[in-house]
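The values are calculated or read from the model by the stated rules, or taken from the named source; none is laboratory data. Here the structure is a predicted model, which is why all the values come from computation and not from measurement. We place every Cβ from the backbone using ideal geometry, glycine too, and count neighbours over all the protein chains shown. Just so you know, the surface numbers come from the protein's heavy atoms only, side chains and all, with ligands and any DNA or RNA stripped out. Shrake-Rupley method; radii C 1.70, N 1.55, O 1.52, S 1.80 Å.
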Amino acid sequence: MFKHINTKSVQSTGVALGLSSVASLALAHDGHLHSLADTASTGMALLSGLIHPVTGPDHLLMLLCAGLSLKAGAAFRQGGMYVLAMLLGALVASAGWVVPGLEWVLAATVLAGGLLLLIHPQSIRGHASGLLAVGLSVALACHGAAHGLEAPAVGFNAFMAGMLLASGGLLAVGVKAREWLQRSAMPHWNHWVSAAVSASGLLMLVTR
């Protein structure tokens, strides 16, 4: 009785539902108070930095969107630029320069990142590609700023190292996820993922 089920559509739906489930975490994600800030242990500061991008739904989804958007031939270079942008944002924020309404800005970047996936951003060429990279860098710098605000005074370097390592890993996961989705020939996979991420961003906007 199940022989007529389109398995590719089921896979696409599964991917979208998996990303949508992250949105439910946003309701329990009270700002960014989940870090282990103020710890005196370098090891704990490193651990806090490692888990911070993963346990924050806004950071997680934005980094995955950026990874999905990276071009296959320039993933390492562009990914490095995005990680550097996050570091710059963190340093600026830790120095006292804070983006007004940062929590709203982060939610808006998730919504924008989800909508961006509708157009297969990795296929964009020319000047538009450069503008897209700059835009994503600015968005990720804002996420870096949120990390910088929560970094412990003691163990700051360890926290930053962990955060940047985890962020780079999530970018790589996004790249590999896109490769897998393309190989599996899922119909309109970017539409499913875009809808899930955009819905998550909208949910974050209305609950903050």
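Looking only at region 66-90, count every residue that is within 20 Å of LEU115 (Cα to Cα) and either without any contact (Cβ under 8 Å) to a residue 24 or more places away in the chain or open to solvent by 80 Å² or more (accessible area, probe 1.4 Å) (or both) and tell me the total.
Going through region 66-90 one residue at a time, the tally reaches 0.
Out of curiosity, is ALA72 over 16 Å from LEU132 (Cβ atoms) and modelled with pLDDT under 90? Before you say what the answer is, go through the steps one by one.
Numbers: over 16 Å from LEU132 (Cβ atoms): no; modelled with pLDDT under 90: yes.
Here the answer is no, as ALA72 does not meet what is asked.
Quick check on LEU60: is it within 21 Å of HIS191 (Cα to Cα) and not β-branched (Val, Ile, Thr)? Before you say what the answer is, go through the steps one by one.
Details: within 21 Å of HIS191 (Cα to Cα): yes; not β-branched (Val, Ile, Thr): yes.
Spelling it out, LEU60 is indeed within 21 Å of HIS191 (Cα to Cα) and not β-branched (Val, Ile, Thr).
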